[in-house]
1. So, counting K/R as plus one and D/E as minus one, what does the shell of residues with Cβ under 15 Å around residue A:142 add up to?
2. Mind scanning A:161/B:56; B:12/B:56; A:150/B:4 and naming the pairs with a C-alpha gap bigger than 32 Å?
3. Which trypsin sites (Lys or Arg not before Pro) in the stretch B:1-71 sit in a loop by DSSP (not H, G, I, E or B) and have at most 12 other Cβ atoms within 10 Å of their own Cβ?
4. If you average the C-alpha positions of the stretch A:103-123 and of the stretch A:141-178 separately, how far apart do those two centres end up, in angstrom?
5. Under unit Cβ charges (Lys, Arg +1; Asp, Glu -1), what dipole magnitude, rounded to 20 debye, does the stretch B:1-78 have relative to its Cα centre?
6. What's the magnitude of the charge dipole for the stretch A:64-193 around its Cα centre, counting Lys and Arg as +1 and Asp and Glu as -1 at the beta-carbon? Answer in Debye, nearest 20.
7. So what is the relative contact order for the stretch A:65-167, in percent, with contacts set as C-alpha pairs under 8 Å and at least six apart?
Amino acid sequence: MSCDRRPPVEPQRHIKIVSRRDLVLGASAAVAVIGLLASRPALAAGTEAAPAAAETVVPISRVPLSEGLSASRQFDEALGVILKDAEPAVGEPLTLTLPELAENGNVVPYTIAVESPMTDNDYVHTLHLLSTANPQAVVATFHLIPATGKAMVSGRMRLAKTQDVVAIAEVSTGQVLVSARKIEVTIGGCGNE
Amino acid sequence: MANKTRIKLPDKTAVGDVIEIRALINHVMETGNRKDANGQVIPRDIVNSLTVTFGKVTVFKAEFGPGISSNPFVAFHMRVPGPGELVFVWQDDAGVQTIERAPLLVG
């Protein structure tokens, strides 16, 4: 099945301890892929100089995923690139709306909405939509400005299998919001016909 | 060749209204994960971005990954600054750019 092109990996724990080296390497790879290198050149350098106390980082624990579901390494890497050092606030005012059950993983409607005044001083500038179990973790990224008026985006996504879908909102005040939702997928869709 | 698109704006708006804008483009969104009958990987070909400008301002930009469904559809919002024209530019992996213009009617 083409969804499972990646070689099987050892069963992943729900909360995964990622070594600094892994994170940096992974983050660099993900950065190269999504072309955000310029936004955080200091990541690798900053981590080099970090004290020994910060030997491990646990990015996955910053997102409330469902029990019994694992997240892909791709997801962990993408999450590290997006969150950096931020401690995201979970839940409101960010909401991610998905059906509870998707019979066809090829076409799953989603809505990401943030209650934001969308003024020049306080607006949502970026929304991320991530999958924890698709071959590619980053599903979409949306860039907004105050003139967008309302931080609410919807569309249709593909889901390979039952998993958590994660939305992240970056606010101009520096606040980062995260919301995760579990969705049951009957027939996976990531390009399979 | 430019792809077929559909854009939906409210028929009537007033300055200051926050309106919903819906935009769809016909595209296969080939993920690059699939193989053909001979086991050859079908190369990725997706619409990777949609940029929407009003006047000289980019009011909305979407970057799509392979996890977006075929015929990518997106709905977003905009506060109406006045009458003008919205320009939608979709870009795909093959280098095809599809540009569509939609008038924003006010009053």
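Each reported figure results from applying straightforward, stated rules to the coordinates on display, with no laboratory input. Treat the numbers as computed from the prediction; the structure is a model and nothing was measured. No Cβ is skipped: glycine too gets one built from the backbone with ideal geometry, and neighbour counts run over all protein chains shown.
1. Charge balance near residue A:142 sits at +1.
2. Listed pairs above 32 Å: A:161/B:56.
3. B:4, B:12, B:56
4. Answer, in whole Å: 5.
5. 80 debye
6. The calculated dipole for the stretch A:64-193 is roughly 340 debye.
7. Relative contact order comes out at 33 percent.
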